[in-house]
Amino acid sequence: MKKTFLLLLLVPFALVSCEDILGEDGDLSSDDVVKGLKTALNIGTDSSTTILSATNGYYGDALVKIPLPKEAMAIKEKMDYVRKYSSTAANVIDGKMEDLILAINRSAEEAAKDAAPIFSSAITNLSIVDGLQILNGEVPGESLKSAADFDSLAATKYLKNQTYNSLVDAYAPKMDDALGKKLVGNASATSLWNDITSNYNGFVSQYGDAARLAAKIAGKDIAFNEVNTDIGEFVTQKALDGLFLKVGDQEKEIRKNPFQWASDIIKKVFGSVYEKLSE
């Protein structure tokens, strides 16, 4: 009993040959494996979108919270100069920067409500030619040298590697719509960003040269350039990264104990690894 218990604990980190998984009787086919993997990914997607579409799904989780884009951080770093030359611009920027962080994450939460069908379509159309390899904790293209190399995120990583660019394209319109919604007070993430950049660009146009000279006198080489960046692509990619992280968390849970799930194919496919190791 004790020996069996230890084997179960070690399953997610052990290597099993493809022949052992399929078995001599062929009770688990390659089609079964592919179906099991896709089912696991759909379970992960449904769970992830439910979690992240809730209020504070992104904003309240440090692991997926979307930060300010680098262009906004660059503006924040130069605020001492903005305050020195244009208190009006500084007041607007200071007042809206924290709201922008909240609005970006609220937009990601809003867009996540529409993420499940996009992911589901990608999973349905996903071609898996290395199903046994993925089930055995190996990402296609990466070789496993020992049990320590077992990757409990193999299916999630495969999905991301194969579909990320197409998911960005499909998800971007949903994110753009969400960024345009007034989700923080009477402002949207897009309007907040536009207010911040227009005030900063006004400062650069009027006082940029003077600010750069002042920085140079202080021994600093700082460029004051206008910012004309669309934050949509940045937020879309960060939001998808958060979704994949949560899908991966769900894959880990499935691999840890496939028999706790209601899905018969999950039990059959992922449970087969347990059964072979327990013999």
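For the reader, a short list of remarks on this structure follows.
- Residue check for Leu126: within 26 Å of Asn56 (Cβ to Cβ), among the hydrophobic types (A, V, I, L, M, F, W, C) and either surrounded by 15 or more Cβ atoms within 10 Å (Cβ to Cβ) or at pLDDT 95 or above (or both): no
- Any hit, segment 227-240, residues being at pLDDT 95 or above and farther than 30 Å from Leu41 by Cβ: yes
- For segment 91-100, filtered to residues that are surrounded by fewer than 22 Cβ atoms within 10 Å (Cβ to Cβ) and touching a residue at least 40 places away in the same chain (Cβ under 8 Å), the residue that is farthest from the chain's Cα centre (by Cα) is Val92.
- Residue count for segment 206-257, restricted to those that are within 21 Å of Ser87 (Cα to Cα) and in contact with a Leu (Cβ under 8 Å, 6 or more places away or on another chain): 0
- Within the set Ser86, Ser53, the sole residue that is touching a Gly at 6+ places or on another chain (Cβ under 8 Å) and either among the hydroxyl-bearing types (Ser, Thr, Tyr) or modelled with pLDDT of 95 or more (or both) turns out to be Ser86.
- Where a residue in segment 170-187 is at pLDDT below 95 and its partner, wherever it lies, is surrounded by 14 or more Cβ atoms within 10 Å (Cβ to Cβ), with Cβ under 8 Å and at least six apart: Gly185/Asp99
- Verdict on Ala210 being small (Gly, Ala, Ser), surrounded by fewer than 17 Cβ atoms within 10 Å (Cβ to Cβ) and either modelled with pLDDT of 95 or more or part of a helix (DSSP H, G or I) (or both): yes
Results for (1) over 24 Å from the mean Cα position of the chain (by Cα); (2) buried (at least 18 other Cβ atoms within 10 Å of the Cβ), shown as yes or no for each residue.
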{"site": "Phe224", "(1), (2)": "yes, yes"}
{"site": "Thr229", "(1), (2)": "no, no"}
{"site": "Glu233", "(1), (2)": "no, no"}
{"site": "Leu240", "(1), (2)": "no, yes"}
{"site": "Leu243", "(1), (2)": "no, yes"}
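The values are calculated or read from the model by the stated rules, or taken from the named source; none is laboratory data. Predicted, not measured: the structure shown is a model, and the values here were computed from it. Note that we place each Cβ from the backbone using ideal geometry, even for glycine, and neighbour counts take in every protein chain shown.
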